[in-house]
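Asker: Pasting in a structure now, in C-alpha cells, and then I'll have a few things to ask.
No value in this document is a laboratory result; all are computed from the given coordinates. Note that the structure is a prediction, hence the values are computed from the model and not measured. Cβ placement follows ideal geometry from the backbone for every residue including glycine, while neighbour counts extend to all protein chains displayed.
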Amino acid sequence: MHRPKSSSTPTEPSILALVVTELVTNAARHAYPNGTRGPIRVRLGRVDGNVARISVRDEGLGVAPDFEVTKGHGFGMRLVKALAQQTHGQFRIERHARGTEFILDIPINA
C-alpha cells in the first residue's frame, strides 16, 4: 500500500488558523487588561482577484506609538511574522481611534 509522504511544513489552512488564533489571543490579552471586555472582530475576505485578507480588530487600548510589526516583540508577533512569510503575505497594523487592527494580505491562486 502506498502512503503519501507527510510534510513537516504546515498546510496553508493550518498556517492561517495559527495566525488567527495568535492574533485573537493577543487582542484578548493586551487590548482589554485588568478584566475589561470588548469586541474582537475576525474578518476574511478577498481584496481583489489575487489577494485574500485576514483582519483581527479590537476596540481596546491600542498598541504603543512605537510599536512596529517589523521589530521582534514577543513570541506571538514573531510567530505571526514567520507564518506570514510562509504564505508570502504582507502583515501590517492599522491604528484606529478605538483599538488596533492586524491585517494579513495573502496572495492566492484564482
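Asker: Quick check on segment 54-68. Is at least one of its residues in contact with a helix residue (DSSP H, G or I) (Cβ under 7 Å, 6 or more places away or on another chain) and over 16 Å from residue 19 (Cα atoms)?
Answerer: Of all residues in segment 54-68, those in contact with a helix residue (DSSP H, G or I) (Cβ under 7 Å, 6 or more places away or on another chain) come to 54, 56, 58, 60-61.
Narrowing further to those that are over 16 Å from residue 19 (Cα atoms): 60-61.
Yes, the conditions are met somewhere in segment 54-68.
Asker: Now a separate question. For a quick check of your reading: which strands (runs of 3 or more DSSP E) sit entirely within segment 11-110 and have at least 1 residues that are without any contact (Cβ under 8 Å) to a residue 12 or more places away in the chain, exposed (fewer than 13 other Cβ atoms within 10 Å of the Cβ) and of a type in the set (A, V, I, L, M)? Full working, then the answer.
Answerer: Working: elements: 40-48, 51-58, 90-95, 100-107.
Ranges flagged: 40-48.
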